[in-house]
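So the structure is just underneath, and the comments pick up after that.
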Amino acid sequence: MLDLGFVRANLELVRQKMRERGLPDILGDFEALDAERRKQLSEAEALKARRNKASDEIARLKKQKQDASALIAEMKQAGLEIQALDEQAKASDDKLREVLRNVPNIPHATVPLGRGAQDNQEVRRWGQPREFDFEPKAHWDLGPELGILDFERAAKIAGARFAVYFGVGAKLERSLANFMLDVHTREHGYTEVLPPFIVNSASLYGTGQLPKFTEDLFKLEGSDYWLIPTAEVPVTNLYRDEVLEAERLPVKHCAWTACFRSEAGSYGKDTRGIIRQHQFQKVELVKFTSPETSYEELESLTRDAEAILQRLELPYRVVALSTGDLGFSSAKTYDLEVWLPSSREYKEISSCSNFEAFQARRANLRFRNGKTGKAELLHTLNGSGLAVGRTWVAILENYQQSDGSVVVPEALRPYLDGMEKISRR
RNA sequence: GGAGAGGUGGCCGAGUGGCUUAAGGCGGCGGUUUGCUAAACCGUUGUACGGUCAAAAGCUGUACCCAGGGUUCGAAUCCCUGCCUCUCCGCCA
């Protein structure tokens, strides 16, 4: 959420930035709503001030055994007026907040202007896509042929967009998660967190999934519980309504979790394979920083995620999302895209974002500024480090051999009991 | 699942309708004293949204004692609902 006072003072700037996002009318009649709200608030507060004074007077009169009935009668009337004014003010406030809640974050000045994904800018590439002397297979063929991936049985026990991993397939997934967590905790300074995979709606509101994106989530019937769509939600909300000491910053967490997404509205997209599933695993990186350092921290967080791809020797590129493709809560996002030989294209495997104070304002995440002594809003960042399932796919496809076997990347071998190659048993 | 006890500021903790502008303590910040440290003493103390102001500071108003309703001229205090925590019992990986 943007700051009410900031929007009021910079209305034209905000309107301009929303046009850049392709949302020219998102602010609606903000000015009129704001003016109305302030007028009603002032009136109600003036009347309350009078009532507070009168209450003191009543107490004094009663103490002195004098008659206060006239004043009491007057205040009874005032009470009714206050109630009416409060209701009006509440209604205006609700309307204004509704508008504000649905306004996305302001893109950072360095975000490329554009209408959508086609205007995203490639920042850098790493590694050379391998030249195959045979026709590389897609993972949805390779996996089942190796006997490590099964879609039919997944459909039987759950439905579409689910997968079952067998044997080395399951172990590869587990090894990848361990490998990622080890690198981030040992070498990049992140503290591991294992949070609940279920959260309440307040947490989803804090990170910006609610109220706008209900459709993308799984809700548990008859409760206020939701399956997490990403570890970002529980981890970012860890310090909700807290004030962190400045010396602790930046706070860096990594978390392995399952993630659950309804994928409503993505019918027909990535229907084959395990690119887009209702349930997948992800190692997430989350940072809480001071406002001054958040953009440096975005760069290093992105590098931390890239390090995993480099160790696995998977070719990738880094893309800066354009204003038209930026997520709701994000001020700036780099996507990491890994090379997939079967489709001959780079596919998203990580998304690293700086949310500035947007989530912090919603979740009331603050730190104590050493200089001013005041509690100020933190900046929050997160990025996948990485999506485990998509990494699994990238390994199968990039390391496949002409005989259908898959070479295990060297960095991963210690996690697979030294196994060098995955072959059909 | 059953029974009971609770939820007060950064923390501890008092507070059963107006004397609370939330006592007292701890911590933090500023100061006095001091060779240094400690102690003692004095002062100070949160958040949000308004008003005033070119802006900031300041001043000022309102709200906030888990959350949401209610009773009342007036609620931290009384009533209702919900959430959470703790204790005991039962069940359970």
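When the criteria are applied in full, A:Leu71 fails the requirement of being surrounded by 13 or more Cβ atoms within 10 Å (Cβ to Cβ), near RNA strand B (Cβ under 8 Å from one of its atoms), touching a residue at least 60 places away in the same chain (Cβ under 8 Å) and outside the structural domain of A:Thr323 (by TED's automatic domain parsing).
Would you point out the residue of region A:12-54, among those that are under 30 Å from A:Ile72 (Cα atoms) and either of a type in the set (S, T, N, Q) or within 33 Å of the chain's Cα centre (by Cα) (or both), that is farthest from RNA strand B (Cβ to nearest atom)? The extreme case among them is A:Gln40. Does at least one position in region A:228-242 carry a residue that is at pLDDT below 85, outside any loop (DSSP other than H, G, I, E, B) and surrounded by fewer than 20 Cβ atoms within 10 Å (Cβ to Cβ)? Yes; the residues of region A:228-242 include at least one that is at pLDDT below 85, outside any loop (DSSP other than H, G, I, E, B) and surrounded by fewer than 20 Cβ atoms within 10 Å (Cβ to Cβ). Only one entry of A:Gly389, A:Gly385 meets the criterion of being closer than 20 Å to A:Leu181 by Cα, open to solvent by less than 30 Å² (accessible area, probe 1.4 Å), of a type outside the set (Ser, Thr, Tyr) and modelled with pLDDT under 95, and that entry is A:Gly385.
Is it true that A:Gln121 is in the same structural domain as A:Leu210 (by TED's automatic domain parsing), open to solvent by 90 Å² or more (accessible area, probe 1.4 Å) and either within 11 Å of RNA strand B (Cβ to nearest atom) or in contact (Cβ under 8 Å) with a residue 12 or more places away in the chain (or both)? Here the answer is yes, as A:Gln121 does meet what is asked. Residues that are in contact with a helix residue (DSSP H, G or I) (Cβ under 8 Å, 6 or more places away or on another chain), part of a helix (DSSP H, G or I) and among the hydroxyl-bearing types (Ser, Thr, Tyr) are absent from region A:243-264 altogether. Consider region A:55-68 and keep the residues that are in contact with a helix residue (DSSP H, G or I) (Cβ under 9 Å, 6 or more places away or on another chain) and within 7 Å of RNA strand B (Cβ to nearest atom). The one that is most open to solvent (accessible area, probe 1.4 Å) is A:Ser55. Please verify whether region A:132-139 includes one or more residues that are out of contact with any Pro (no Cβ under 9 Å at 6 or more places or on another chain) and either among the polar types (S, T, N, Q) or in a strand (DSSP E or B) (or both). No. Of all the residues in region A:54-63, those that are basic (Lys, Arg) and either at pLDDT 85 or above or outside any helix (DSSP H, G or I) (or both) number 0.
Selection of strands (runs of 3 or more DSSP E) fully inside region A:339-425 by the criterion of at least 3 residues being in contact with a Lys or Arg (Cβ under 7 Å, 6 or more places away or on another chain) returns A:345-354, A:375-377, A:379-387.
The values are calculated or read from the model by the stated rules, or taken from the named source; none is laboratory data. All figures in this text were calculated on a predicted structure; none of them were measured in a lab. Please note: Cβ atoms are built from the backbone with ideal geometry, for glycine as well, and neighbour counts cover all protein chains shown. Remember, those area values only see protein heavy atoms, side chains included, never the ligands or the DNA or RNA. Shrake-Rupley method; radii C 1.70, N 1.55, O 1.52, S 1.80 Å.
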